[in-house]
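In what follows, a structure is listed as structure tokens, so that the remarks can point back to it.
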């Protein structure tokens with residue numbers, strides 16, 4: 001039996017992590033690509049050397065952690081520099097995901113990633129779920145969750161991501177998280193479907 005690979009994505013503040021938590025409660029293994037990427041940036045020698053070579057030795061602090069301030073200054077507002085960083089990170093995450101997959105003999109797994117389409121990894125997955133929510137609601141959620149961000153910061157991040165209507169067009173399934181539709185029944189329907197495939 002081959003394991004079905006389901007991708008979950010959505011713009012910042014859409015609630016994709018919440019949807020993934022519901023799947024986890026149902027016993028579904030979830031690979032969080034963004035947190036694995038952060039971990040790989042401080043543990044994967046190949047990736048660390050690429051980052052140091054491209055962005056300078058000051059990319060890392062004395063304690064070995066990533067110098068986020070330095071990396072942000074190098075990439076924020078410079079799409080080509082950000083693209084370069086992604087070209088280093090995404091292949092290492094893909095390899096990490098492959099080895100993670102081998103530890104799960106289940107009917108389906110979930111890969112959660114903010115940049116599923118942008119990174120090209122959507123092509124390698126069997127089905128894609130997009131978590132959708134109105135833009136104004138997404139801004140409010142992020143401001144509540146990340147009080148250090150300004151509304152302007154959140155809108156810049158949203159502008160840098162693929163537009164939601166484009167993601168929805170490319171999706172196999174859409175979970176609507178607009179606080180008028182219940183999330184759990186939507187996830188349960190998908191769980192039943194994927195478990196039966």
Requested in this report: State yes or no: is residue 93 modelled with pLDDT of 90 or more, closer than 27 Å to residue 48 by Cβ and either in contact with a strand residue (DSSP E or B) (Cβ under 8 Å, 6 or more places away or on another chain) or assigned to a helix (DSSP H, G or I) (or both)?
Outcome: yes
Query raised in the report: If you check residue 50 against the conditions, is it farther than 22 Å from residue 105 by Cα and modelled with pLDDT of 95 or more?
Result: yes
Requested in this report: Could you list, in sequence order, all residues of the range 27-48 that are closer than 18 Å to residue 186 by Cα and surrounded by fewer than 14 Cβ atoms within 10 Å (Cβ to Cβ)?
Outcome: 27
Query raised in the report: Which residue out of 16, 21 is crowded, with 19+ Cβ neighbours inside 10 Å, in the same structural domain as residue 131 (by TED's automatic domain parsing) and either over 14 Å from the mean Cα position of the chain (by Cα) or within 30 Å of residue 196 (Cα to Cα) (or both)?
Result: 16
Query raised in the report: Would you pick out the residues in the range 30-60 that are in contact with a helix residue (DSSP H, G or I) (Cβ under 8 Å, 6 or more places away or on another chain) and under 16 Å from residue 100 (Cα atoms)?
Result: 30, 31, 32, 33, 36, 37, 40, 44
Query - Given (1) over 17 Å from residue 32 (Cβ atoms); (2) in the same structural domain as residue 57 (by TED's automatic domain parsing); (3) touching a residue at least 60 places away in the same chain (Cβ under 8 Å), index of the condition residue 85 fails - result: (3)
Report task. Please work out if residue 5 is part of a helix (DSSP H, G or I), touching a helix residue (DSSP H, G or I) at 6+ places or on another chain (Cβ under 9 Å) and either modelled with pLDDT of 90 or more or closer than 22 Å to residue 160 by Cα (or both). Result -> no
Report task. Find the helices (runs of 4 or more DSSP H) located wholly in the range 124-197 whose residues include 1 or more that are at positive phi, touching a strand residue (DSSP E or B) at 6+ places or on another chain (Cβ under 6 Å) and surrounded by fewer than 18 Cβ atoms within 10 Å (Cβ to Cβ), and list them. Result -> none
Requested in this report: Would you mention how many residues in the range 1-50 are more than 20 Å from residue 133 (Cβ to Cβ) and out of contact with any strand residue (DSSP E or B) (no Cβ under 8 Å at 6 or more places or on another chain)?
Outcome: 17
Query raised in the report: Within the bounds of the range 30-40, is there any residue that is outside any helix (DSSP H, G or I), more than 21 Å from residue 92 (Cβ to Cβ) and under 12 Å from the mean Cα position of the chain (by Cα)?
Result: no
Query - Meets criteria (farther than 24 Å from residue 169 by Cβ, outside the structural domain of residue 3 (by TED's automatic domain parsing) and touching a residue at least 12 places away in the same chain (Cβ under 8 Å)) for residue 80 - result: no
Report summary line: Checked against (1) in the same structural domain as residue 141 (by TED's automatic domain parsing); (2) surrounded by 13 or more Cβ atoms within 10 Å (Cβ to Cβ); (3) in a helix (DSSP H, G or I), residue 115 satisfies every condition except (3)
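The values are calculated or read from the model by the stated rules, or taken from the named source; none is laboratory data. In this text, all values refer to a predicted model and were calculated from it rather than measured experimentally. Every residue, glycine among them, receives a Cβ derived from its backbone with ideal geometry; neighbour counts consider all protein chains shown.
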